[in-house]
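The values are calculated or read from the model by the stated rules, or taken from the named source; none is laboratory data. This structure is a prediction, so every number in the text was calculated from the model and none was measured. Cβ: placed from backbone, ideal geometry, glycine included. Neighbour counts: every protein chain shown. Accessible surface is based on the protein model in full, side chains and every heavy atom, while ligands, DNA and RNA are left aside. Shrake-Rupley method; radii C 1.70, N 1.55, O 1.52, S 1.80 Å.
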Amino acid sequence: MSALVKLLRLLGAAAFAGVLVGLLALPGVGSVGMAARDASAGFQDMPDFSLSPPPERSTVYSADGQVIARFYYHNRESVSLDQVAPVMRKAIVAIEDDRFYDHGPLDFKGSFRALVTNAQDGGIKQGGSTLTQQYVKNLLVENARTDEEAQAAKAPNFGRKLRELRYAVNVEKRLTKQQILQGYLNIAYFGSGAYGVQAASQYYFSKNASQLTLSEAALLAGVTNSPYFYDPEINQKGATDRRNTVLYRMAQLKMITKAQADAAAATPITLHIKKPKADCVDSKAPFFCEYVKDEILGNPAFGKTAADRERLLYRGGLTIRTTLDMKAQKAAQRALALRPNKAKTATEAMVKPGTGEIKAMVVSKTYGDSRKKGQTTLNLAADYAHGGNGGYSAGSTFKIFTLAAALDKGYSVGTTLPAPNSTTVSGYTDCEGNHFEPWSVRNAETTKASSASLSTGTWESLNTFYAYLEQRVGLCDSVRMAQRFGMAQATGRPLQQVPSQVLGTNDIDVTHLAAAYAAFAAHGRYCAPIAVTDVTDSTGKRIDVPRAECDKAVDAGVADEATRILRGVLTKGTGRGLGIGRPAAAKTGTCESFSCAAFAGYTPDLAAAVWFGDPAAPFGDPSPGVFGANVGPIWRASMEGALRGAAPTPFTAQR
């Protein structure tokens with residue numbers, strides 16, 4: 001099309017608007033004349049129309065590129081025109097605006113006829129909109145920020161219609177016909193929650209829009225006229241009739257032959273429905289998905305306000321790449337079947353040492369309605385900020401921090417302290433100088449030993465030994481060491497400085513516990529847990545993602561010495577028989593009154609923490625016979641599965 005012809009058409013649109021206003025002002029046309037005249041007063045003075053892209057779904061991927069989940073208000077995935085089958089492009093033009101390539105922003109003949117009829121009937125009774133006008137209307141609706149704006153974009157009055165005409169003029173000055181067609185195909189509603197031709201093709205036929213056949217394209221093109229009535233899932237006869245109407249219109253326009261139309265019309269509609277995964281409910285890793293969701297919704301890096309962040313996630317067309325390792329995730333999911341009591345809950349998190357990357361996150365409950373038995377939306381593997389509850393006791397897995405504090409102060413592995421079956425220890429002082437009453441403590445199991453070293457006291461997890469060690473090292477320094485490894489209460493509050501903290505009485509979450517143990521595998525370098533590695537918006541622009549915050553918690557020599565001691569837990573201590581056939585270190589954890597159990601351990605390549613119990617039970621509710629070693633099989637099976645096929649990595653001291 002020459003520039004002169006295009007200019008004349010644009011001028012013609014303005015002239016047509018003037019003729020239209022005059023027509024609508026005639027006495028016989030009705031009371032709508034004045035409203036139309038008022039609405040069109042600024043026809044030439046309207047600001048440029050915003051061509052902001054329509055809202056798109058955001059997709060979350062695992063580290064190896066598998067789709068974990070999608071977030072959206074509208075299920076849409078925009079594609080370029082060359083990613084749409086040519087027959088689909090022809091079908092939509094044939095049935096919606098067959099003179100699309102021949103007229104300007106307005107189809108004078110169709111619009112004039114429709115608007116005169118509508119004026120006489122007192123409302124919008126007949127169509128006549130061009131594809132450009134329909135594209136404009138959809139953009140106005142999709143980009144509306146309030147219900148009022150959305151209603152105004154769909155209002156059955158002449159003000160709305162004239163606004164669309166003016167914006168259509170503006171759009172055709174700025175975009176080519178191909179760009180307009182592409183925009184329309186990406187924004188149109190095709191029923192069943194599918195917005196845009198790509199989402200519709202995936203939903204109805206489980207294929208991309210580039211692969212559509214003639215019959216499938218005609219079906220989709222026909223649906224847009226009345227997405228509910230012509231929905232092939234609901235009304236196959238109506239959808240078939242409409243599809244055939246499209247086919248024979250294409251033949252009439254010589255886009256296809258009559259024989260092709262006949263053959264396609266004789267083909268029964270065959271659907272291959274593929275419902276998209278929405279939010280975390282249908283996710284392959286629902287609790288990790290919840291962690292990612294809460295990370296974005298709760299982090300100012302993704303928007304100044306909560307509303308901004310929610311809009312970005314559900315409408316921004318984000319591509320979110322994460323740390324999740326589906327191999328590790330599946331291994332952890334399978335391992336939860338080994339929990340000692342199916343009526344209680346097990347949860348586990350896996351973290352890669354030296355990075356903070358969460359590789360797996362599982363909960364034995366089904367992600368779903370918390371009012372139903374066996375279901376929950378609480379992310380019991382995470383802290384409160386990422387959808388978790390108030391946390392739970394870590395049991396004796398927490399002893400590792402007092403051990404690290406002792407090694408950091410220069411205590412040797414052979415340091416010997418009393419370890420009777422029960423005792424009362426005094427002399428505890430917190431970081432503010434507060435003194436505590438003498439603490440009475442007993443071992444979880446009766447032993448014959450009356451004393452122990454750092455090694456034997458750790459291997460056998462002797463509570464009385466660690467009560468004396470904490471008193472010797474200092475309660476304040478023990479707590480501060482735990483804090484250096486990222487430990488805080490799951491609620492976000494600081495750890496409580498009480499003597500029993502060495503036995504894990506602070507309520508924490510397994511994700512941060514796994515990250516802390518990963519720091520020992522990384523020679524004392526602690527990295528805060530992260531789940532998101534890269535985010536881009538619908539235009540491909542990268543959004544700055546918060547990186548893992550890493551710092552040296554202790555010197556490498558201290559961390560490596562703790563590792564040497566914890567390796568003995570799996571060969572000589574409470575974790576005997578729970579080795580994984582490669583170098584590993586671990587610590588069992590039994591909670592007070594056997595109310596819960598924990599197990600945490602690591603190799604140089606992966607760390608994991610497991611917790612088992614009843615998150616809803618009051619503290620001290622007994623679970624007879626449950627020790628840390630009883631949940632060790634979950635840790636062992638998940639680690640073996642996650643590392644299967646990888647060469648064993650030896651622990652080497654860092655100098």
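Any residue at all in segment 232-249 that's in a helix (DSSP H, G or I), touching a Leu at 6+ places or on another chain (Cβ under 8 Å) and aromatic (Phe, Trp, Tyr)?
The answer is no, given that none of the residues of segment 232-249 is in a helix (DSSP H, G or I), touching a Leu at 6+ places or on another chain (Cβ under 8 Å) and aromatic (Phe, Trp, Tyr).
Determine whether residue 419 is in contact with a Ser or Thr (Cβ under 9 Å, 6 or more places away or on another chain), within 16 Å of residue 587 (Cβ to Cβ) and in contact (Cβ under 8 Å) with a residue 24 or more places away in the chain.
In short, no.
Any idea which of 349, 331 is part of a helix (DSSP H, G or I) and closer than 29 Å to residue 627 by Cα?
Step by step, each of 349, 331 is checked, and only 331 is part of a helix (DSSP H, G or I) and closer than 29 Å to residue 627 by Cα.
Can you name every residue in segment 370-389 that is over 22 Å from the mean Cα position of the chain (by Cα) and in contact (Cβ under 8 Å) with a residue 12 or more places away in the chain?
Result: no residue meets the conditions.
Which residue, of 566, 570, is modelled with pLDDT of 95 or more, under 30 Å from residue 445 (Cβ atoms) and touching a Ser or Thr at 6+ places or on another chain (Cβ under 9 Å)?
566
Please state which one of 537, 544, 555 is at pLDDT 95 or above, surrounded by fewer than 22 Cβ atoms within 10 Å (Cβ to Cβ) and more than 24 Å from residue 346 (Cα to Cα).
555
Which number in (1) buried (at least 18 other Cβ atoms within 10 Å of the Cβ); (2) touching a Ser or Thr at 6+ places or on another chain (Cβ under 6 Å) marks the one condition that residue 388 misses?
The failed condition is (2).
I'm told residue 259 meets every condition in (1) at pLDDT 95 or above; (2) surrounded by 14 or more Cβ atoms within 10 Å (Cβ to Cβ); (3) hydrophobic (A, V, I, L, M, F, W, C) except one. Can you identify the failing condition by its number?
Among (1) at pLDDT 95 or above; (2) surrounded by 14 or more Cβ atoms within 10 Å (Cβ to Cβ); (3) hydrophobic (A, V, I, L, M, F, W, C), the lone unmet condition for residue 259 is (2).
Counting only residues that are touching a residue at least 40 places away in the same chain (Cβ under 8 Å), closer than 12 Å to residue 91 by Cα and open to solvent by 20 Å² or more (accessible area, probe 1.4 Å), how many does segment 230-250 have?
2
For the structure I just gave you, tell me whether residue 227 is in contact with a strand residue (DSSP E or B) (Cβ under 9 Å, 6 or more places away or on another chain), assigned to a loop (DSSP other than H, G, I, E, B) and either open to solvent by 50 Å² or more (accessible area, probe 1.4 Å) or not aliphatic (A, V, I, L, M) (or both).
Judged against the criteria, residue 227 is a match.
Consider segment 461-506. How many of its residues are outside any helix (DSSP H, G or I), in contact with a Gly (Cβ under 7 Å, 6 or more places away or on another chain) and open to solvent by less than 10 Å² (accessible area, probe 1.4 Å)?
So the answer is 2.
Every residue in segment 341-369 that is open to solvent by 20 Å² or more (accessible area, probe 1.4 Å), polar (S, T, N, Q) and either more than 22 Å from residue 508 (Cβ to Cβ) or touching a residue at least 40 places away in the same chain (Cβ under 8 Å) (or both), please.
Answer for segment 341-369, where residues must be open to solvent by 20 Å² or more (accessible area, probe 1.4 Å), polar (S, T, N, Q) and either more than 22 Å from residue 508 (Cβ to Cβ) or touching a residue at least 40 places away in the same chain (Cβ under 8 Å) (or both): 341, 355, 366.
Determine, yes or no, whether residue 289 is closer than 11 Å to residue 62 by Cβ, modelled with pLDDT of 90 or more and crowded, with 19+ Cβ neighbours inside 10 Å.
In short, yes.
Please go through segment 250-269 and give me each residue that is in a helix (DSSP H, G or I), more than 19 Å from residue 200 (Cβ to Cβ) and in contact with a helix residue (DSSP H, G or I) (Cβ under 8 Å, 6 or more places away or on another chain), ordered by number.
251, 258, 260, 261, 265
State whether the residues of segment 197-207 include one that is open to solvent by less than 10 Å² (accessible area, probe 1.4 Å), within 19 Å of residue 84 (Cβ to Cβ) and in contact with a strand residue (DSSP E or B) (Cβ under 7 Å, 6 or more places away or on another chain).
yes
Please go through segment 514-534 and pick out each residue that is farther than 16 Å from residue 357 by Cβ, touching a residue at least 60 places away in the same chain (Cβ under 8 Å) and open to solvent by less than 20 Å² (accessible area, probe 1.4 Å).
Passing the criteria: only 520.
Could you tell me how many of the residues in segment 507-531 are assigned to a loop (DSSP other than H, G, I, E, B) and among the β-branched types (Val, Ile, Thr)?
So the count comes out to 0.
Of the residues 324, 313, 318, 338, which single one is open to solvent by less than 10 Å² (accessible area, probe 1.4 Å), at pLDDT 90 or above and within 26 Å of residue 636 (Cβ to Cβ)?
Of 324, 313, 318, 338, the one residue that is open to solvent by less than 10 Å² (accessible area, probe 1.4 Å), at pLDDT 90 or above and within 26 Å of residue 636 (Cβ to Cβ) is 324.
Would you please name the residue that is nearest to residue 268 (Cα to Cα), looking only at residues in segment 208-224 that are surrounded by fewer than 17 Cβ atoms within 10 Å (Cβ to Cβ) and hydroxyl-bearing (Ser, Thr, Tyr)?
213
Do any residues in segment 476-501 that are more than 21 Å from residue 386 (Cα to Cα) and without any contact (Cβ under 8 Å) to a residue 12 or more places away in the chain have Cβ atoms under 9 Å from those of residues that are aromatic (Phe, Trp, Tyr) and in a helix (DSSP H, G or I), where the two are at least six apart or on different chains, and which pairs are they?
From residues that are more than 21 Å from residue 386 (Cα to Cα) and without any contact (Cβ under 8 Å) to a residue 12 or more places away in the chain, there are no pairs.
For segment 408-422, what are the residues that are closer than 12 Å to residue 456 by Cα, out of contact with any Phe, Trp or Tyr (no Cβ under 7 Å at 6 or more places or on another chain) and either of a type in the set (Lys, Arg) or surrounded by 16 or more Cβ atoms within 10 Å (Cβ to Cβ) (or both)?
Scanning segment 408-422 gives a single hit, 415.
Return the total of residues in segment 104-140 being in a loop (DSSP other than H, G, I, E, B), out of contact with any Ser or Thr (no Cβ under 7 Å at 6 or more places or on another chain) and modelled with pLDDT of 65 or more.
So the count comes out to 3.
Going through segment 282-339 one residue at a time, which ones are touching a residue at least 40 places away in the same chain (Cβ under 8 Å), under 18 Å from residue 376 (Cβ atoms) and of a type in the set (A, V, I, L, M, F, W, C)?
Scanning segment 282-339 gives 285, 287, 288, 289, 292, 332, 336.
Within segment 616-636, is there a residue that is more than 35 Å from the chain's Cα centre (by Cα), buried (at least 22 other Cβ atoms within 10 Å of the Cβ) and among the β-branched types (Val, Ile, Thr)?
no
Return the residues of segment 173-196 that are assigned to a loop (DSSP other than H, G, I, E, B) and either under 17 Å from residue 89 (Cβ atoms) or open to solvent by 10 Å² or more (accessible area, probe 1.4 Å) (or both); say none if nothing qualifies.
175, 176, 188, 190, 192, 193, 196
Kindly indicate whether residue 447 is touching a residue at least 24 places away in the same chain (Cβ under 8 Å), touching a His at 6+ places or on another chain (Cβ under 9 Å) and either surrounded by fewer than 20 Cβ atoms within 10 Å (Cβ to Cβ) or part of a helix (DSSP H, G or I) (or both).
For residue 447, the condition - touching a residue at least 24 places away in the same chain (Cβ under 8 Å), touching a His at 6+ places or on another chain (Cβ under 9 Å) and either surrounded by fewer than 20 Cβ atoms within 10 Å (Cβ to Cβ) or part of a helix (DSSP H, G or I) (or both) - is not met.
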